[in-house]
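Everything on this sheet refers to the single structure shown next.
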Amino acid sequence: MSRKIEELKKIKKIAKLGGGEDKIKSQHEKGKLTARERIDLLLDKGSFEEFDLFVRHQSTDFGLDKQRFYTDGVVTGTGKIHGRTVCIFSQDFTILGGSLAEYHAKKICKIMDLAMKIGAPVIGINDSGGARIQEGVVSLGGYADIFLRNTLASGVIPQISAIVGPCAGGAVYSPAITDFVYMVDGTSYMFVTGPNVVKTVTNEDVSFEELGGAKTHSEKSGVSHFRMKNEIECYESIRKLISYIPSNNMDEAPVFSFDTSGESDDETLNDIIPENPNKPYDMKLIISKLVDEGSFYEVHENYAQNIIVGFARIAGRSIGVVANQPMVLAGVLCLNSSIKGARFVRFCDAFNIPLLVLEDVPGFLPGTDQEWRGVIRHGAKLLYAFCEATVPKITVITRKAYGGAYDVMNSKHVRGDVNLAWPSAEIAVMGAKGAAEIIFKKEISSAEDKEAKLKEKTEEFTEKFANPYLAAERGFIDDIIEPGTTRRKLIKFFEILETKVDSNPKKKHGNIPL
Ligand code: HXC
């Protein structure tokens, strides 16, 4: 027996070296970690249990019979993060460039199937040259098997992708279906066609980094939710994300003990909204004062910054925050911010995470660019997402709530459970000046001093409509509160809403305006 155990140990040792020491050295020289180093950083110490270490491909074409590495280029298994089970796969670039083929795909599918059965998140660490060219269509089939599982698992278990190397061609569509994509500066890139093909087809000169690096996908395309400086930060950040979310759609997010007994109202909130309604202020400051100290974990920080989304805790319980940011484009809703908000709302709703909406929105962004690119269709996504969401939903209007954007941002009419406003709230069809120009058009144009008349009528409109009282009279706002009391109210209301039950009509699925 001892001889057999020794033999087993020997095979495992060889297997764990992946493509061998030279390849590991080259991986490190590229500034990248190995598949196993990554797993070690991500999981609780000693918690990893590997599956399918002995799997090898069965191909013989193009000399593959001489390169039959154990694991077939992907390390898969289960482990724990903060003591909770997760399923994981980590592509091993040292083996045939981490390329995906029949058995590599089968291993990923097996671990995803397990994740679905046990209700655990799946974390995929992607570092791959794409479809293994030597295995041809079998590799393509392997990708499709994964795409199907990504889709069926969506909304059942959280799916997280770390892109820490190449991820190109059709391979990008697996991470794209997952809930959160992390990218690392300098070493990761994603694109459907690389710089060479781009040059041939469109004659554009573009670098890997510019076309599909972490900065590009975090700021321009929104494909990446988190831009990380390095891999260590990336795995720390994924561990943090896991602390806010449940393991599956039947589960609740972890609850942390949090003592609120010594807290008093934060009077500084009473002075945060500028007297001049056109002056910006930082909504992130308000978020930080309302949620448990230091608990805000921003998602999509660098993309469509006119809306802020992220996880936080209120009295130890996870919430999702969606907030307009007056510091960027006056907090206006646009195409990208609508998509960003909608996707986040749907994640929270799918995974039982209550929503807090902080609203200061002057409306939707006007212009041909927005209209021609479909702000109607994309804006409707955010509306649809809020309408459909049945988790506890609280809105606080801090200042502007104008036009359609008032309806969209979790108004009472779209099943907001608790809708609060600060005295500074302005809830109206449109801004005072624009409104005065329309409804007092004749009076203004016939006035001797048109400027003065417009000013007078604007003030009249502001006095009458730019406040929260008319909405509160109709019950569209449940209460108008002093800003300093907001955290106390949120703690109470989220606690009250813990037992909320609501549902949507039975259907196969809705038809969100994609
Ligand atoms: C087989 C591959 C491979 C692949 C890389 N390798 N990609 N083997 N199939 N797709 C091998 C290389 O031959 C090499 O083997 C080793 O992995 C490391 O690759 P290098 O080129 O030395 O590494 P690097 O310089 O870092 O370049 C990485 C790379 C490059 C940019 C990813 O390897 C590359 O361009 N690969 C091809 C990418 C590609 O076109 N993939 C198909 C995309 S289409 P040795 O033995 O020399 O070390 C696709 C369709 C998916 O994926 C469709 C899904 C629906």
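Summary table
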item	result
Distant-in-sequence amide H partners of Tyr297 (H built 1.01 Å from N, under 5 Å)	Phe311, Ala312
For the chain, with +1 on Lys and Arg beta carbons and -1 on Asp and Glu, the positive-most of Ile308, His378, Ala131 along the dipole	Ala131
The chain, relative contact order [Cα under 8 Å, separation at least 6], %	9 percent
Amide H contacts of Asp92 (H built 1.01 Å from N, under 5 Å, at least 5 apart or other chain)	Val74, Val75
Per-residue HN-Hα couplings for region 356-371 [Karplus 6.51, -1.76, 1.60; θ = phi - 60°; Hz; x = Gly/Pro]	10, 10, 10, 10, 8, 10, x, x, 8, 5, x, x, 5, 4, 5, 5
Portion, in percent, of the accessible area of the chain that falls on carbon or sulfur, probe 1.4 Å	55 percent
Of Lys9/Lys32; Lys10/Lys117; Lys10/Lys110; Lys220/Lys507; Lys12/Lys107; Lys381/Lys507, pairs whose Cα-Cα distance is over 24 Å	Lys9/Lys32; Lys10/Lys117; Lys10/Lys110; Lys220/Lys507
Computed accessible area, Met183, all protein chains, 1.4 angstrom probe, square angstrom	0 Å²
Separation of alpha-carbon centers, region 269-314 and region 217-259, rounded to whole Å	18 Å
Residue-by-residue Karplus 3J(HN,Hα) for region 427-434, coefficients 6.51, -1.76, 1.60, Hz, glycine and proline x	10, 7, 5, 7, x, 4, 5, x
Relative packing of 348-358, 213-223, which averages over residues the other C-beta atoms within 10 Å, highest first	348-358, 213-223
Accessible area, probe 1.4 Å, largest first, for residues Thr398, Thr60	Thr60, Thr398
Relative contact order [Cα under 8 Å, 6+ residues apart], region 333-434, whole percent	32 percent
Asp40-Asp65 pseudo-label distance in nm [points 7 Å out on the Cα-to-Cβ vector]	3.7 nm
Per residue, in Å², the accessible surface of the chain once ligands and nucleic acids are set aside, probe 1.4 Å	47 Å²
Total charge dipole magnitude, region 390-489, about the Cα centre, Cβ charges on Lys, Arg, Asp, Glu only, Debye to nearest 20	420 debye
Heavy-atom accessible area order for Thr499, Thr76, largest first, 1.4 Å probe	Thr499, Thr76
Which of Phe208, Gly77, Thr398, positive extreme of dipole for the chain (C-beta unit charges)	Gly77
Heavy-atom accessible area order for Ser445, Ser161, largest first, 1.4 Å probe	Ser445, Ser161
Amide H contacts of Val86 (H built 1.01 Å from N, under 5 Å, at least 5 apart or other chain)	Gly79, Lys80, Ile81
Dipole magnitude (debye, nearest 20) for the chain, charges at Cβ of Lys, Arg, Asp, Glu	1820 debye
Set of lysines with alpha-carbon distance to Lys492 below 29 Å, sequence-local pairs under 8 removed	Lys240, Lys284, Lys289, Lys340, Lys393, Lys400, Lys412, Lys500
Normalised contact order of region 201-293, rounded percent, pairs of Cα under 8 Å and 6 or more residues apart	10 percent
Karplus-derived HN-Hα couplings along region 208-225 (A = 6.51, B = -1.76, C = 1.60, θ = phi - 60°), whole Hz, x at Gly and Pro	4, 5, 5, 6, x, x, 4, 5, 4, 6, 8, 9, 9, 8, x, 4, 9, 8
Among Cys87, Ile24, Pro121 - extreme Cα towards positive end, dipole of region 21-133, charges at beta-carbon	Pro121
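The values are calculated or read from the model by the stated rules, or taken from the named source; none is laboratory data. Because the structure is a prediction, the values reported are computed rather than measured. Cβ atoms come from the backbone with ideal geometry, glycine included; neighbour counts cover every protein chain shown. Heavy atoms of the whole protein, side chains included, go into the accessibility calculation; ligands, DNA and RNA do not. Shrake-Rupley method; radii C 1.70, N 1.55, O 1.52, S 1.80 Å.
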